[in-house]
Amino acid sequence: MRFLASVNGNVLVAGLLMGGLMLLARPAADGPGLFKANCSMCHGTDGKGFQALKTPDFTDPKWQASVTDKQITEVIKNGKKDTAMPAFEGKLKNEEILALVAYVRSFGSKKK
């Protein structure tokens, strides 16, 4: 009986360790996929935006320099007043919002 308890305890510990390792190994949120699914219809798949919609050109170095990561995060979370930009807080996890911020920043390196 003691042997079974010991074996079960070891199995439980091993299971907890494996679960923890799986959480650590979990891939980061997919910025490009999230952008394509939630943002590209207004911001374009290339991040250049659409003049008719008055969406910013994320590839423009001046735009990239004019906003902070915090500002981008706030717009994604809360939307932008008097525009069609919706709020994504509650719809996207925080890690997904951060992945979008990183992906928006990646457009800045695409225009030389």
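Remarks
- Only a single item in (1) modelled with pLDDT of 95 or more; (2) of a type in the set (Val, Ile, Thr); (3) not in a loop (DSSP other than H, G, I, E, B) is not met by VAL11, and it is number (1).
- Subset of the range 38-72 that is part of a helix (DSSP H, G or I) and over 19 Å from the mean Cα position of the chain (by Cα) - its residue that is nearest to PRO86 (Cα to Cα): LEU53
- Taken over the range 46-73, the residue count meeting the criterion of being under 21 Å from LEU34 (Cβ atoms) and either among the β-branched types (Val, Ile, Thr) or surrounded by 15 or more Cβ atoms within 10 Å (Cβ to Cβ) (or both) is 14.
- Considering the range 31-45, and only residues there that are closer than 12 Å to PHE107 by Cα and without any contact (Cβ under 8 Å) to a residue 40 or more places away in the chain, the residue that is surrounded by the fewest Cβ atoms within 10 Å (Cβ to Cβ) turns out to be THR45.
- Subset of the range 24-37 [in a loop (DSSP other than H, G, I, E, B) and not basic (Lys, Arg)]: PRO27, ALA28, ALA29, ASP30
- So MET18, is it at pLDDT 55 or above and of a type outside the set (S, T, N, Q): no
- The residue of the range 73-112 that is modelled with the lowest pLDDT, among those that are part of a loop (DSSP other than H, G, I, E, B), over 15 Å from ALA29 (Cβ atoms) and among the charged types (D, E, K, R), is LYS112.
The values are calculated or read from the model by the stated rules, or taken from the named source; none is laboratory data. In this text, all values refer to a predicted model and were calculated from it rather than measured experimentally. Cβ atoms come from the backbone with ideal geometry, glycine included; neighbour counts cover every protein chain shown.
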